[in-house]
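Each value in this text was obtained by applying a stated rule to the coordinates, not by laboratory testing. Computed from a prediction, not measured in an experiment: that's the story for all the values here. Don't worry about glycine lacking a Cβ; one is built from the backbone with ideal geometry, like all the others, and counts go over all protein chains shown.
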Amino acid sequence: MWTRESLHELAAGELRDYHFVVVSNREPYIHSHALGTIHCDMPPSGLTAALDPVMRACGGTWVAHGSGNADRETVDANDRVGVPPEDPRYTIRRVWLSKEEEDGYYYGVSNDALWPLCHIAYTRPTFNDDEWKVYRAVNERFARAVLQEVGGGQAFVFVQDYHLTLLPRILREANPNLVVAQFWHIPWPNREAFRVCPWQNEILEGLLGNHLLGFHIRYHCNNFLETVDRSIEARVDYDRYEVIRGGKKTEVKPFPISIDFEEVSARAREPGVEAEMERLRKSLELDDWIIGMGLDRIDYTKGIPDRLRAIDRFLERNPEYRGRLVFIQTGVPSRVHVPAYRRINDEIDTLIEETNWKYETGHWRPIIDLRGPLSPLTVMALRRLSHFAIVSSLHDGMNLVAKEFVASSVDEDKVLILSEFTGAARELTDALLVNPYAADEVAEAIKAAVEMPLEERQRRMRRMRAVVQENNVYKWAADIVAKMVKIGSGG
Ligand code: F6P
């Protein structure tokens, strides 16, 4: 079983002669002004939640966009700051972007083109060449920051996600001493879907700058290999999962990402959680109702309207649960400058309003809307209060919310309803797996969840906890680090 300590040992031994550099758009700690002081918060991001414990164990430098309004005031003369603030274990090197750059690179290409391109959720990607030029320039900016951090020495550079597709090639050409790997946190679509992207060749060439390219599941690796095979000149080896282009090799492998199971379970058991549960029970007037929850970054890929429609269908078909079951929808607004994200918020507002109006009686209403930032303690208390959770993504690379719910279920008495279109569904086979597009099917799963006998609830949850405990984030990182070390030593 991999732990923080064993990953630390692996890193101390194997990464000894290398500088370890992680690069992502999103930074793991954001400094911002609030109520006259500077706060340091962690963003709602599966990527940063997974990589922060890894960096605490490995040490090194994390290069990321400095997005907080107090970020510039908290760095040193080299744009660096030690984190976590209370006990620094690694360094963030912040990259500064203007509003126009953020617009073109982050909101434009990354989240209005590549995100909908890779998620099959029937939202159309928008391709704008001016934004592509900005995206290119920003990738070059990140490359300069990484090369500066590394100096002329040897380093493992671990790039994250679709914001930085051009970076690996730039790095590999600039410094042959680097071992460059990238993890793609979202799905890779099939060849036909990817074909509509006007920048496909440049993106593929950029990604083939990596020595190692990781996806959550083998299916995404296969999609990537087929995309390369059909788009650019390269030799694709389907047996070894490798691409050779211009004499350079890229290994393409699945690494299912995860969470720090022990840490989340320990936080679920902290004494403050019970008090917070009590506070929520009172302030939300929860009586002895059956509680379901949804916790998401507000994104059209998460299937939030589909889930709300399923709750409506459930109450329509099972009137005996009116006045007895409540669903708490939490979630943090995200990427609100992209029109599709504004529309999804409006749609959620309307659905919650209509469903509550249809069924509410006395102080009971079926959906409690808790969208907005919540403290980690409140989120944990909500998980602990719930009898079931719904993760209804229309398409999702992994979905760590599902794994966090499992790790928080220390009473082993909760049911997870999980979309079959998440990477997590491949591991969490004891969840009630559903097609989120089929409202009736999800409504039936809600009924099955609330009527499931205790023994079955426990049996399923115990098995899922064992899976997440074993396949934890330290295993994910150790597998990648071991592979990078092998590549670095010419293996
Ligand atoms: O996991 C996919 C991802 O896009 C990450 O890259 C990102 O940090 C997370 O979702 C949250 O999105 P954002 O950083 O755009 O708020």
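Note the per residue figure in Å³ for the convex hull of the C-alpha positions in the stretch 182-341.
Output value, Cα hull per residue: 195 Å³.
How large is ³J(HN,Hα) for each residue in the stretch 372-387, as worked out from phi by the Karplus curve 6.51 cos²θ - 1.76 cosθ + 1.60 (θ = phi - 60°), to whole Hz, x for Gly and Pro?
Taking θ as phi minus 60°, the curve returns x, x, 10, 6, x, 5, 5, 4, 5, 5, 5, 4, 5, 6, 6, 8 Hz for the stretch 372-387.
Helix 46-58 sits at what angle to the longest principal axis of the chain, using alpha carbons and giving 0 to 90 degrees rounded to 10?
Taking Cα atoms only, the helix is inclined about 60 degrees.
Report the charge-dipole magnitude of the stretch 120-188 in Debye, nearest 20, computed about the Cα centre from +1 at each Lys and Arg Cβ and -1 at each Asp and Glu Cβ.
The calculation lands at about 60 debye.
Which whole-number percent gives the relative contact order of the stretch 262-470, counting Cα pairs below 8 Å spaced six or more residues apart?
Once divided by the residue count of the stretch 262-470, the mean separation gives 26 percent.
How big is the dipole moment of the stretch 262-470 about its Cα centre under a simple scheme where the beta carbon of each Lys and Arg is +1, that of each Asp and Glu is -1, and everything else is neutral? Debye, nearest 20, please.
With Lys and Arg at +1 and Asp and Glu at -1, about 220 debye.
For the stretch 262-470, what are Rg and Dmax over the alpha carbons, in angstrom?
Gyration radius and largest Cα-Cα distance of the stretch 262-470: 16.0, 47 Å.
With point charges of +1 on the Cβ of Lys and Arg and -1 on the Cβ of Asp and Glu, referenced to the Cα centre of the chain, which listed residue (N69, G108, Y321) lies farthest in the positive direction of the dipole?
Projecting each Cα onto the dipole axis, the largest value belongs to G108.
Mean residue ellipticity at 222 nm from the helices of the chain, using -39,500 (n - 2.57) per DSSP H segment of n ≥ 4 over the full residue count, to the nearest 500 deg cm²/dmol?
Estimated from H runs of four or more residues: -13000 deg cm²/dmol.
Where Rh denotes the Kirkwood radius from the mean inverse Cα pair distance, what is Rg over Rh for the chain?
In the chain, Rg relative to Rh is 0.96.
Quick query: amide H of H216 versus all other amide H atoms, modeled in the peptide plane; which residues come in under 5 Å with a sequence gap of 5 or more or a different chain?
Amide H neighbours of H216, under 5 Å, 5+ apart: F255.
Would you work out which of Y135, N356, S98 lies farthest towards the positive end of the dipole of the chain, given +1 charges on the beta-carbon of Lys and Arg and -1 on that of Asp and Glu, about the Cα centre?
Among Y135, N356, S98, the one farthest towards the positive end of the dipole of the chain is Y135.
Once amide H atoms are built 1.01 Å from N in the peptide plane, which residues 5 or more positions from L432, or in another chain, come under 5 Å H to H?
L416, I417, L418
Stick to the Cα atoms of the stretch 23-103, pair each with every other, and give me the Kirkwood hydrodynamic radius in Å at one decimal.
12.9 Å
Under a plain spin-label model, where a point goes 7 Å from the Cα along Cα-to-Cβ, how far apart in nm are H33 and E451?
5.8 nm
Run the count for the chain, please: Lys pairs, Cα-Cα under 23 angstrom, 8 or more apart or on different chains.
20
Taking H placed 1.01 Å from N in the peptide plane, check which residues at least 5 places from L325 or on another chain put their amide H under 5 Å from its amide H.
Excluding prolines and chain starts, which carry no amide H, the hits are I290.
Treating the beta-carbon of each Lys and Arg as +1 and of each Asp and Glu as -1, no other charges, what is the dipole magnitude of the chain about its Cα centre, to the nearest 20 debye?
In total the dipole reaches around 740 debye.
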